[in-house]
Amino acid sequence: MQTVEEALIAAQHKAEALFAAVISTGLIRAGTLESELSAQIHALAHERFGVRRHWHKRVVRSGVNTVLTYHDDPPDRRIAADDVVYLDFGPLFDEWEADFGRTYVLGTDPRKHQLVHDIRAAFRRGKQRYLDDPELTAGSLYEFVCELAIEAGWEFGAPTAGHLIGHFPHEKNVAQRFSIRQDNLTKLRERDAAGAPRHWILEIHFVDRAKRFGGFFEELLTIGPA
């Protein structure tokens, strides 16, 4: 029988395979509406991976919409030839949640390609910070990734940088202590009421508000190497 950690890693690996299939099939292309791309990915997930449900809304953002957060609801936008596009999907694999986000660039704009590099690097540094500090709080990690954004010449684009994840339905609590945000004193290694480890997702959202684009990267924080 799989452990929780094994199941979450397996779900993440399947999400990685899904996103690789999105690229290999050429779904991200100029002229496609964000809603159309979302529907196409949903169909691909069902056909190749048997995904029937997603535990949170499917998010496809392009161009100026990439500056916005998960909670925003912008007008549907048609992807342009030089756009940044980010995907944030939460597919369920055998009732286990995956929460996975990646950013892609159409065109050759060097700053946009630098953004993709910087958010990936920031995720690795954030995860290493978690691995190095057993006492790390959610608030301290949020401050750390915000500093990484400034260090790289960006702005952190969201009031949170991640959240709790687990077996579906995952631990429900609207309290701020279950998100990675400013002033949250919850220790990330704090166990749940049953004494089991909690597992977290780290979300990196860097933006350039002047040029009106941003990038997003997310996956498991508490499991796997940096």
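The table below lists the values:
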{"quantity": "Candidate set: the stretch 64-84, residues that are closer than 17 Å to Trp154 by Cα and of a type in the set (A, V, I, L, M, F, W, C); chosen: the one farthest from the chain's Cα centre (by Cα)", "calculated": "Val64"}
{"quantity": "Filtered residue count, the stretch 67-85, keeping only those that are touching a helix residue (DSSP H, G or I) at 6+ places or on another chain (Cβ under 8 Å) and surrounded by 20 or more Cβ atoms within 10 Å (Cβ to Cβ)", "calculated": "4"}
{"quantity": "Lone qualifier among Pro110, Pro134 - being at pLDDT 95 or above and either at positive phi or out of contact with any Lys or Arg (no Cβ under 9 Å at 6 or more places or on another chain) (or both)", "calculated": "Pro110"}
{"quantity": "Members of the stretch 71-107 found to be under 23 Å from Thr32 (Cβ atoms) and free of Cβ contacts under 8 Å to residues at least 24 places away in the same chain, listed by number", "calculated": "Asp72, Asp73, Pro74, Pro75, Val105"}
{"quantity": "Residue tally, condition within 24 Å of Asp82 (Cα to Cα), free of Cβ contacts under 8 Å to residues at least 12 places away in the same chain and under 17 Å from the mean Cα position of the chain (by Cα), over the stretch 3-44", "calculated": "1"}
{"quantity": "Qualifying residue in the stretch 47-66 (condition: small (Gly, Ala, Ser) and surrounded by fewer than 14 Cβ atoms within 10 Å (Cβ to Cβ))", "calculated": "yes"}
{"quantity": "Positions within the stretch 135-162 being in contact with a Phe, Trp or Tyr (Cβ under 6 Å, 6 or more places away or on another chain) and not in a loop (DSSP other than H, G, I, E, B), in sequence order", "calculated": "Cys146, Ala149, Ala161, Gly162"}
{"quantity": "Residues satisfying the stated conditions in the stretch 183-199, i.e. modelled with pLDDT of 95 or more and within 19 Å of the chain's Cα centre (by Cα)", "calculated": "Leu188"}
{"quantity": "Looking only at the stretch 143-160, and only at residues there that are in contact with a Lys or Arg (Cβ under 7 Å, 6 or more places away or on another chain) and within 18 Å of Ala226 (Cβ to Cβ), the one that is surrounded by the most Cβ atoms within 10 Å (Cβ to Cβ)", "calculated": "Leu148"}
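The values are calculated or read from the model by the stated rules, or taken from the named source; none is laboratory data. Bear in mind the structure is a predicted one, so any value in this text is a computation, not a measurement. Backbone-built Cβ (ideal geometry, glycine too); neighbour counts: all protein chains shown.
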